[in-house]
Amino acid sequence: MNESTVKNNKIYLSVLGLLSMSSVPSLARADDGIASYALDVTAKVASDVRNRGTSDSLNGPGARVSFTLAHESGLVALAEFTTVSDKEYLNSDGYNVLLGGGYRFGDPDAGHYGLGLAAEFFPGGKYQAPSRFDFENFVPTDERTTNYNGQFAVLELGYGALEARIATVISKTYRGTNTSGVCGTMLQYMSDPTDALKCYARGDRNSRGSMLYDLDYKYELMSATTLKLHAGYQQIKNFSEASFYDYGVGVVHRFLGFDWGLDWVSPRTRVRALFIAQDGDHERATDENKWVLSVSRHF
């Protein structure tokens, strides 16, 4: 089997906080005092770029720049640029782009709601892997090319500092998750091929209809310090091997105009092979528990 065809096809799930009330900037006010719109720009660097508990930066540092536009009508738009590892997202240019738009309504201090659509892109990112297995000759066959791009529909329900988000995958695959990627990666990295062969035996499938769940809570410890709690579940359609939970707890402190963060992230994956990245001659697990340091600035 050609290792270059399947290595590093990781199953990564990003947090889609598109409609989060806590991330929506305060509305600017026109000369007559009527709220109109607001643009918020946030730059962030972190010791590890984590999405839903797993690393997108091969356990190394990374950066993110976000642009959020909010209108008085409740319309919200987001553009986000994040560095990623090209060893995980093969052939990519080393970053991804998340674009989204939606509508949010309600009281940020009480009940609030939101609906939206989002799309993410990994410029240049794609991999090749076999989509079928010839059991008669006992070799993988039908190699295909898959990209990591995806689209989502998002629903948010919240009350005060408690927010729940549900995202469903409406694109054909979620970050390249299909038979080629999942079964091929398992065959690549698992010493016992039994589970990988069972995966291929289910036929050629994709991950459209996958569900991503998030529950977040923020508590103000003092005027400049906030405690964050997070729990998430990733239910991957047709590939239960890639479904997993993630948990996190963190503290953010505002000092000298910057937000200084410390987070403990803890993913609970089912199949470690799906979260292995090939880095030269080394195989690196990207689903380990970890402390993540970050610094961000709002403009």
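The values are calculated or read from the model by the stated rules, or taken from the named source; none is laboratory data. Remember, predicted model here, so these are calculated numbers, not experimental data. FYI the Cβ positions are ideal-geometry reconstructions off the backbone, even for glycines, and counts take in every protein chain you see.
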Pick from the range 68-85 the residues that are surrounded by fewer than 16 Cβ atoms within 10 Å (Cβ to Cβ) and under 17 Å from the mean Cα position of the chain (by Cα): which of them is nearest to SER296 (Cα to Cα)? PHE81
In the range 46-65, what residues are touching a strand residue (DSSP E or B) at 6+ places or on another chain (Cβ under 6 Å), in contact (Cβ under 8 Å) with a residue 24 or more places away in the chain, surrounded by fewer than 22 Cβ atoms within 10 Å (Cβ to Cβ) and not in a loop (DSSP other than H, G, I, E, B)? ALA46, VAL65
Within the range 113-133, the residues that are surrounded by 21 or more Cβ atoms within 10 Å (Cβ to Cβ) and in contact with a Leu (Cβ under 9 Å, 6 or more places away or on another chain) are GLY114, GLY116, ALA118, GLU120, GLY125, TYR127, PRO130, PHE133
Could you check, for the range 103-110, whether at least one of its residues is touching a Leu at 6+ places or on another chain (Cβ under 6 Å) and in a strand (DSSP E or B)? yes
Is one or more of the residues making up the range 233-247 without any contact (Cβ under 8 Å) to a residue 12 or more places away in the chain and on the phi < 0 side of the Ramachandran plot? no
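Are any residues in the range 281-292 closer than 29 Å to ILE236 by Cα and surrounded by fewer than 20 Cβ atoms within 10 Å (Cβ to Cβ), and if so, which ones? Full working, then the answer.
Here is the first cut: in the range 281-292, the residues closer than 29 Å to ILE236 by Cα are 282-292.
The answer is HIS282, GLU283, ARG284, ALA285, GLU288, ASN289, LYS290, TRP291, VAL292.
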Among the numbered conditions (1) within 22 Å of VAL169 (Cβ to Cβ); (2) of a type in the set (S, T, N, Q); (3) within 18 Å of the chain's Cα centre (by Cα), tell me where SER266 comes up short. (1)
Scanning the range 156-179 for residues that are assigned to a loop (DSSP other than H, G, I, E, B) and of a type in the set (A, V, I, L, M, F, W, C), the one surrounded by the fewest Cβ atoms within 10 Å (Cβ to Cβ) turns out to be ILE170
Can you name the condition, by its number, that VAL41 falls short on among (1) surrounded by 15 or more Cβ atoms within 10 Å (Cβ to Cβ); (2) over 27 Å from GLU283 (Cα atoms); (3) at pLDDT 95 or above? (1)
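Based on this model, can you work out whether GLY176 counts as closer than 20 Å to PHE275 by Cα, touching a residue at least 60 places away in the same chain (Cβ under 8 Å) and within 20 Å of the chain's Cα centre (by Cα)? Can you show your working first?
On the way: closer than 20 Å to PHE275 by Cα: yes; touching a residue at least 60 places away in the same chain (Cβ under 8 Å): yes; within 20 Å of the chain's Cα centre (by Cα): yes.
It is true that GLY176 is closer than 20 Å to PHE275 by Cα, touching a residue at least 60 places away in the same chain (Cβ under 8 Å) and within 20 Å of the chain's Cα centre (by Cα).
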Reported set for the range 205-237 where residues are within 17 Å of SER131 (Cα to Cα) and in contact with an Asp or Glu (Cβ under 8 Å, 6 or more places away or on another chain) is none
Can you confirm whether ALA273 is of a type in the set (Gly, Ala, Ser), buried (at least 16 other Cβ atoms within 10 Å of the Cβ), over 27 Å from LEU157 (Cβ atoms) and over 20 Å from the mean Cα position of the chain (by Cα)? no
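So if I check each of ARG270, ARG284, ARG297, which one is in a loop (DSSP other than H, G, I, E, B) and in contact with a strand residue (DSSP E or B) (Cβ under 7 Å, 6 or more places away or on another chain)? Spell out how you get there, then give the answer.
Numbers: ARG284 fails: in a loop (DSSP other than H, G, I, E, B); ARG297 fails: in a loop (DSSP other than H, G, I, E, B).
From the options ARG270, ARG284, ARG297, the qualifying one is ARG270.
Using the structure shown, decide if SER240 is within 24 Å of VAL84 (Cβ to Cβ), of a type in the set (Ser, Thr, Tyr) and either touching an Asp or Glu at 6+ places or on another chain (Cβ under 6 Å) or at pLDDT 95 or above (or both). Full working, then the answer.
On the way: within 24 Å of VAL84 (Cβ to Cβ): no; of a type in the set (Ser, Thr, Tyr): yes; either touching an Asp or Glu at 6+ places or on another chain (Cβ under 6 Å) or at pLDDT 95 or above (or both): yes.
For SER240, the condition - within 24 Å of VAL84 (Cβ to Cβ), of a type in the set (Ser, Thr, Tyr) and either touching an Asp or Glu at 6+ places or on another chain (Cβ under 6 Å) or at pLDDT 95 or above (or both) - is not met.
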